1. Would you check if there is a residue in the stretch 192-211 being surrounded by fewer than 18 Cβ atoms within 10 Å (Cβ to Cβ), of a type in the set (A, V, I, L, M) and outside any loop (DSSP other than H, G, I, E, B)?
2. Consider residue 96 against the criteria (1) without any contact (Cβ under 8 Å) to a residue 40 or more places away in the chain; (2) part of a strand (DSSP E or B): it satisfies all of them except one. Which criterion is unmet?
3. Give me a count of the residues in the stretch 212-247 that are out of contact with any Phe, Trp or Tyr (no Cβ under 9 Å at 6 or more places or on another chain) and not in a strand (DSSP E or B).
4. Considering each residue of the stretch 107-128, count those that are farther than 16 Å from residue 157 by Cβ and in a loop (DSSP other than H, G, I, E, B), and give that number.
5. If I filter the stretch 218-239 for residues that are over 19 Å from residue 48 (Cβ atoms) and among the basic types (Lys, Arg), do I get at least one hit?
6. Tell me, which residue of the stretch 252-269 that is assigned to a loop (DSSP other than H, G, I, E, B) and small (Gly, Ala, Ser) is surrounded by the most Cβ atoms within 10 Å (Cβ to Cβ)?
7. Within the stretch 75-93, track down each residue that is among the charged types (D, E, K, R) and free of Cβ contacts under 8 Å to residues at least 60 places away in the same chain.
8. Return the residue satisfying two criteria in turn: it lies in the stretch 77-106 and is closer than 15 Å to residue 153 by Cα and more than 18 Å from the chain's Cα centre (by Cα), and of such residues it is surrounded by the most Cβ atoms within 10 Å (Cβ to Cβ).
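The values are calculated or read from the model by the stated rules, or taken from the named source; none is laboratory data. Because the structure is a prediction, the values reported are computed rather than measured. As a convention, Cβ positions derive from the backbone with ideal geometry for all residues, glycine included, and neighbour counts pool all protein chains shown.
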Amino acid sequence: MSRPRFVFDLLLKLWPLGRVLNRLGSRRLLGRLLRPCFDAEGNEAIIIPVQEAVRGTESVVLPFPLLAPLIDAASNRFILSHCLCRQGEGCETYPRDIGCIFLGDGAAEIAPERGHAAGTAEALAHARRAVDVGLVPMIVHSSFDAWLLDIPYRRTVAICFCCDCCCSVRQGLRLGPAAFWETVVRLPGLTVTTGPECTGCGTCVGVCPVGAISLDQGRACVGEQCKGCGRCASACPQGAIRLQLAEGLDVPQRLTERIARRTEIGTGTEKR
């Protein structure tokens, strides 16, 4: 069973304080005190860009080659009826009724009033609807989500569908401390490169949430702190920024292995 309804209602009323917490955390002294709130041991997020990624001469249209195996392999799937972030922010740009998909044995313990259990086909259709309206999937393993829904942290993971205007993770990347950045990791095998079409216009610099892009001698340079969200590639007017998957690397398998280091969504053998 999940937390009582009044807990959810109170959380939605206090939602704007999240921005304040992020800004406070970005200050050195307060950031040290608040660092446990951004603990990478209890939280991890991997943004799955909605882009055409290139592996050698082969193009792969993300995100479904990565999401489909996870959804299919999960022991259970549960679709939340609403997105907590968009509810809390009062989003008017994207549908609030496109909620996260929770996977694993823990998903079977989510209270029915929060949404409904789903099969593989329905979960994939839900993901396609989200992508079609412009939302970006993100794989999230959050101790806070597990606490709020009162489910086993080690037996669940979520696929969230995020918008730039409301997503708490993206807000944390823009406003929060460097400690928060550590909880967001790049998709295994993904690189972001700049092609010869780059004119040095600086559009990508302005949209990068972590300041990973700079201009050097009139060209955009992507730094190591890049999270692989794909915003720069979508925004580039010249189409000069490309997402590439490592040739010969089984990216879906690497992603599954990364998730398995933290949680089990198939057999549910991990302890609570």
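1. Within the stretch 192-211 (the criterion being surrounded by fewer than 18 Cβ atoms within 10 Å (Cβ to Cβ), of a type in the set (A, V, I, L, M) and outside any loop (DSSP other than H, G, I, E, B)), the answer is yes, since at least one residue qualifies.
2. Of everything listed in (1) without any contact (Cβ under 8 Å) to a residue 40 or more places away in the chain; (2) part of a strand (DSSP E or B), residue 96 misses just condition (2).
3. Initially, the stretch 212-247 is screened for residues out of contact with any Phe, Trp or Tyr (no Cβ under 9 Å at 6 or more places or on another chain), giving 212-224, 226, 228-247.
After this cut, where a residue has to be not in a strand (DSSP E or B) as well, the list is 212, 217-218, 223-224, 226, 228-240, 246-247.
Looking only at that region, the number is 21.
4. Number satisfying all stated conditions: 2.
5. Of the residues in the stretch 218-239, the ones over 19 Å from residue 48 (Cβ atoms) are 218-221, 223-224, 236-239.
After this cut, where a residue has to be among the basic types (Lys, Arg) as well, the list is 219.
Taking every residue of the stretch 218-239 in turn, at least one turns out to be over 19 Å from residue 48 (Cβ atoms) and among the basic types (Lys, Arg).
6. The qualifying residue surrounded by the most Cβ atoms within 10 Å (Cβ to Cβ) is 268.
7. The answer is 77, 92.
8. Selected residue: 106.
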